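Notes for the one structure printed next.
The values are calculated or read from the model by the stated rules, or taken from the named source; none is laboratory data. Note that the structure is a prediction, hence the values are computed from the model and not measured. Ideal geometry is used to build each Cβ from the backbone, glycine not excepted, and the neighbour counts take in all protein chains shown.
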Amino acid sequence: MTSSLPQLQISLIIGVALIILLTAKFKVHAFFALLLACFVTGMGVQMPVVDIITTVKDGFGNIMKSLGLIIVLGTTLGVLLHHTGSTRVMAEYILKKTGKRHAALAMSITGFIVGLPIFCDSGYIVLSGLNKSMAKRTGISIVVMSISLATGLLSVHCLIPPHPGAAAAATTIGVDYGRLILYGIGVALPVMLVGYAWAKYAGKKIKDTVIEDDEEEENTSHNPSVIMSFLPVIVPIVLIAVKSFLTIDAKAATGAMNIFSILGDPVIALSAGVLLALAAGKKWKKDTLGKLLQEGAEKAGGILVIIGAGGAFGAVLAATKMGDHFSQAMPLASLGILFPFLLTSVLKTAQGSSTVAIITAASIIQPLLASLGLQSDNGRLLCVLSMGAGSMVVSHANDAYFWVISKFSGIEMKTMLRVYSIATILMGATGLLMVYILSMVLH
């Protein structure tokens, strides 16, 4: 297989355009769009069909091997936290500590913490009733409260595993999960605060739409304690983070280091979180538990097929030797961490999904790491964080999360564009700035 740079560029553009067109305009599931893009791009550079099929299978299988268990366990953990009432307990505890005056900040922090194991759209739906109730009780604009919660959830969704985009990018680019979580939290915190600050500034200028509070009274007698509510979120993060600090040498490793190396494996750490979430529940019934575990597995299935197809697309791009072509023809080294951010931003803005954007961008960027000067361990870390920041920009009418916020909070589209969409631009820019500062520190 031999192909010229123009031929490769045209094939790549057609492949990416196909993904955007099918997912954004025709609402085709991302799995089929990515799979079709594999064949269109591969045939565009004259790859034999048999080789394309083999490459697609290998790429799909390799990403499943790395991420399959992590995504299933992370999704199940989120389902259990919702069912046991742990998310509500965490939210009300944070609100109690911040006070009603800072209720919007409390919702932003709640979104940040609850969003660590729970996807942003699910987290928003779970907390929307509490959010509206607090807006009425405190007199704070529903726009301020809602966008504060939404941006808190989004800040971690785009940057930190086990969220599928960040997890898939870490696997594709080759970044240690523990380091990504630690540095990702450091980047996500100021991103969250910028989202909150913009929500408070822009939201209070807009007159609220009168909405009915559809929150139902819940029986809180079976809710878990504050400690048991937080543990399933905190313990997995701590275990994975501790492992990332340990350099395991087969000859020098102590028994304790080996134990933490095992416990810090993301699969084991998330399993511990699931067990702790189960322990937080009271009076489990066999049918209830079975349904919850089935729900977690089914939700994970839809995510896994997208990630697998993204891995397949990446494998096809790698087989085209794209990195060699681009490194010889373009001054990519001068772009560095800016290129991953810009590429992911374009993909996110065009097709709406942060997960699809970062998975597709990771597939394109992986063979270009050396050309971008990001082939070192720190460079790879910065690359994934830059893509995470880019995957926030710009959320608008083609983003499902945009409509979740609008629907569950009763906010008009015009207001969403003026407040939330602009917030995602500011958050992405802040994320890029933090990555740049981090690059100066790490180098």
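Quick notes on this one:
- Enumeration of residues in region 395-415 that are more than 19 Å from V28 (Cβ to Cβ) and surrounded by fewer than 20 Cβ atoms within 10 Å (Cβ to Cβ): H396, V404, S406, K407, G410, E412, M413, K414
- V45 falls short of the stated requirement of being closer than 18 Å to A166 by Cβ and either among the charged types (D, E, K, R) or buried (at least 20 other Cβ atoms within 10 Å of the Cβ) (or both).
- Of the residues making up region 1-40, those that are farther than 25 Å from A397 by Cβ and polar (S, T, N, Q) are T2, S3, S4, Q7, Q9, S11.
- Candidate set: region 108-141, residues that are modelled with pLDDT of 90 or more and in contact with a His (Cβ under 7 Å, 6 or more places away or on another chain); chosen: the one surrounded by the most Cβ atoms within 10 Å (Cβ to Cβ): G115
- Leading residue by the ranking (surrounded by the most Cβ atoms within 10 Å (Cβ to Cβ)) among those in region 1-14 that are hydrophobic (A, V, I, L, M, F, W, C) and more than 16 Å from A312 (Cβ to Cβ): L8
- The residues in region 338-357 that are in contact (Cβ under 8 Å) with a residue 60 or more places away in the chain and closer than 13 Å to I19 by Cβ can be counted, and the count is 8.
- Of all the criteria given as (1) among the aliphatic types (A, V, I, L, M); (2) within 17 Å of C383 (Cα to Cα); (3) surrounded by fewer than 16 Cβ atoms within 10 Å (Cβ to Cβ), the one not satisfied by A297 is (2).
- Number of the condition not met by L426 [criteria: (1) under 30 Å from T320 (Cβ atoms); (2) modelled with pLDDT of 95 or more; (3) in a helix (DSSP H, G or I); (4) not small (G, A, S)]: (1)
- Restricting region 89-107 to residues that are modelled with pLDDT under 90 and either of a type in the set (G, A, S) or buried (at least 24 other Cβ atoms within 10 Å of the Cβ) (or both), the residue that is nearest to the chain's Cα centre (by Cα): A91
- Within region 54-81, considering residues that are farther than 13 Å from G273 by Cβ and among the polar types (S, T, N, Q), the one farthest from the chain's Cα centre (by Cα): T54
- Among (1) in a helix (DSSP H, G or I); (2) surrounded by fewer than 24 Cβ atoms within 10 Å (Cβ to Cβ); (3) in contact (Cβ under 8 Å) with a residue 60 or more places away in the chain - the single one L381 does not satisfy: (2)
- All of L270, L335, L263 fail the test of being of a type outside the set (S, T, N, Q), touching a residue at least 40 places away in the same chain (Cβ under 8 Å) and crowded, with 17+ Cβ neighbours inside 10 Å, apart from L270.
- Residues in region 15-30 that are surrounded by fewer than 18 Cβ atoms within 10 Å (Cβ to Cβ) and of a type outside the set (A, V, I, L, M): K25, F26, K27, H29.
- Taken residue by residue, region 162-180 has no member that is closer than 11 Å to F112 by Cβ and part of a helix (DSSP H, G or I).
- So S376, is it surrounded by 24 or more Cβ atoms within 10 Å (Cβ to Cβ) and on the phi < 0 side of the Ramachandran plot: no
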